[in-house]
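Structure, as structure tokens:
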Amino acid sequence: MVYYLFNSNMKNTLSDNTQIRAVSTFSEFVNSNFQGDMNAICWYRNLVGNFKEIVTKLELKENITEVSVEDLLTLQLSEKGNLARGIILSDVQLLTDFGASPSLNLLKSYERDKELDFISTDVYSYHIDRSPIETDTFLCTYYGPASDILPHAQVEQKILIPEIRGKLKELHDGPEAEFETFLEEYFFDLHYQPKPNTKPVNLGSGHLWRLAVDHPTQQVLPCVHRAPVEKDGEYRLLLIC
């Protein structure tokens with residue numbers, strides 16, 4: 001049995017944001033269509049269970065360690081820990097049955113991009129996801145800090161900022177006709193700079209999110225998001241696909 005506590009006030013708050021649609025069932029979550037400015041869908045949930053217990057009992061083998069269903073099932077957990085495990089297993093099964101390929105990750109940190117001092121292209125930078133096929137990004141943070149999203153009206157594509165664009169042209173040092181291809185090949189075009197006084201929405205813990213991705217059949221702008229900076233000594237438990 002999986003238990004959720006639902007907070008209707010928070011759902012109403014999310015619903016006031018034109019970028020986000022808040023839903024209360026998995027069926028609504030996967031069957032709702034992105035449209036207009038709306039490029040993020042949230043299945044809002046207050047989860048009951050001790051996810052911290054799971055994190056403390058898992059073994060971090062690398063900065064990003066994939067956790068299998070078998071890994072979860074071998075853990076000896078308290079009643080609240082067992083509730084948390086049941087929710088994760090249910091989410092994995094729901095997404096798998098839908099046709100997605102969920103991955104549960106225990107995260108210490110992502111790799112930082114330190115190669116260029118004038119532009120960052122790691123996941124801590126606001127960015128969009130791109131795919132050659134029709135797909136969306138699904139994610140849920142069960143424990144630890146969560147990602148932020150921003151509407152396109154509050155960001156500027158980094159490659160359009162004159163100072164950055166000029167330095168990228170120097171880095172390219174090739175024919176002008178090949179410059180745009182160069183930007184795509186090295187993923188510079190995926191990254192965005194927040195404008196002053198932006199108001200990011202934090203995705204919070206326990207909520208399952210579906211974010212629009214840049215692909216040929218997408219009818220809306222892809223969702224701009226970034227990974228949080230992890231706290232020292234604290235891990236994240238993240239489901240993503």
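Here, each number is a calculation from the coordinates, and none is a lab measurement. On a predicted model such as this, the values are computed, not experimentally measured, just so you know. Note that we place each Cβ from the backbone using ideal geometry, even for glycine, and neighbour counts take in every protein chain shown.
Below are the figures for this structure:
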quantity	calculated
Debye intensity ratio in log₁₀ form over the Cα atoms of the range 123-233, taken at each q of 0.11, 0.19 Å⁻¹	-0.42, -1.07
Nitroxide proxy distance, nm - points 7 Å out along Cα→Cβ at SER32 and LYS57	3.4
Fraction of the pair-distance distribution of the chain above 22 Å, Cα-Cα pairs, percent	57
Surface/4 of the Cα convex hull for the range 48-168, nm²	10.2
Charge dipole of the range 101-186 about the Cα centre (unit charges at C-beta), most positive-ward option of GLY166, LEU116, ALA177	LEU116
Size of the range 14-69 as Cα extents on the principal axes (Å, biggest first)	43, 25, 20
Whole-Hz ³J(HN,Hα) from phi, Karplus 6.51 cos²θ - 1.76 cosθ + 1.60, for the range 91-104, glycine and proline x	4, 4, 5, 4, 5, 5, 4, 6, x, 8, 10, x, 10, 9
GLN219/SER103 FRET efficiency (R0 25 Å; Cβ-Cβ; nearest 0.05)	0.40
Lysine pair count for the range 57-186 [Cα-Cα under 17 Å; pairs on different chains or 8 or more apart]	7
Share of alpha-carbon pairs per 10 Å distance bin for the range 95-138, given as whole %	19, 37, 34, 9, 1
Nearest-20 debye value, the chain charge dipole, Cβ charges on Lys, Arg, Asp, Glu	1080
